[in-house]
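Presented below is the structure to which this report refers.
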Amino acid sequence: MTDDRLRRVLLPRPLRAIPADLVAVLACTVTVNAATFLPVVRETPLGTLLGVLFFLVVPGYALVAAAFPGAGDSRSDLASKAGASRTDSAPKAGGPRPEPDASGLDTVERVALSLAASVAVVPLLVLPLEVTPWEMRLGPIMTVTSGFVLVSTAAAVVRRWHLPPERRFRVRYREWTSSGWRDRDGRRRGPAVVLLVVLIGSVAILGAAASVAVLAPIDGEGYSSIYVLSGDSDDVSGYPSSLELASGERHELTVGVDNEEHRAVEYAVVVVEQRVDRTGDSVTVTDQRELERFEVELNHGERWRHGHEVAPTMDGEGRIVWLLYPDGAPDEPTIERAGQYVSLPVTVAEPDD
């Protein structure tokens, strides 16, 4: 089966009209999104490596493809054009000269410019997320970057369609393989091939180094956090300072947990009420009762918030404590054994006789 026939069988009609390199861009985008959001892959080194290579190459390549839809002149093409121009009549002095095609780049130039464009464009896309409600997290970053790639790829397809077929850029992989990496004049593409291999190797090394940095964070860098908000508030400024409740009264609060451990963690949150004895700066727990407990599994960078009601049963002054236990809670939870905790002073009015 020929390559053209195989392409017609495997690809739908709309995709067959898209240049092969831009189909590869779309395929890479879909693959990386799947590797990012599928639980089976996203926590593996493969998912991280694919993500790093995607951010280093694909956004820049899509932008360059949209900006330069034409094929650049190779060295042999320039030489042949120069030879042909010498056989033609020379233009008159002061006459107009033919202008070069400013919309074209060859393969090596395109790859090199794509790397530089990715380094410049990706920060401009993701940094504004920090001031949005979505913040700079993996999901929003992938969504914004993938959207940019899709828009740039669509623009690149349209711009190439508006060029004559002979001026459109295309990857000449069939000519390279059939001619043994020789140009149209039979000369080997040695320098260009070496440069292209060096560029691709540099990208692979840079991607591997970045992946190692992501997968092996500095010791002590990971942490978990727990906090309490008033009601169903989503604002940290809604943190209550204390509670005053009548006997038997229930109050709604929201507990939140953030995972920055650089790994998936199964958390247990144990809610207890305590009666304490304060002597100077020391606090002694004289009585404790467990109210509720929750369990949740979070991946790195994920946030969990859960609204629930508390109903203290101990009259007088005390406190409610939320104990956070990464990797499971003990049968007898205490502050000393918790990874993190947050407490809230509570005063429960004694019932009237």
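A short reminder: the numbers here are calculations on the coordinates, not readings from a lab. All figures in this text were calculated on a predicted structure; none of them were measured in a lab. Neighbour counts are summed over all protein chains in view; Cβ atoms, including those assigned to glycine, are modelled from backbone coordinates with ideal geometry.
The distance between label points at Asp315 and Ala116 comes to 7.9 nm (points 7 Å beyond Cα on the Cα→Cβ vector). Taking the Cα centre of region 223-348 as origin and assigning +1 to Lys and Arg Cβ atoms and -1 to Asp and Glu Cβ atoms, the resulting dipole is close to 160 debye. Each label point was placed 7 Å from the Cα along the Cα-to-Cβ direction; for Ser247 and Glu350 their separation is 0.9 nm.
Annotation: for a label point projected 7 angstrom from Cα along Cα→Cβ of Glu292, residues of region 253-269 with backbone N closer than 18 Å are 253-258, 267-269.
Computed extension gain for Arg167 through Glu266, at 0.36 nm per residue and net of the alpha carbon distance, reaches 30.0 nm.
Our compactness index for region 223-348, the C-alpha radius of gyration over the empirical 2.2 N^0.38 Å, is 1.05.
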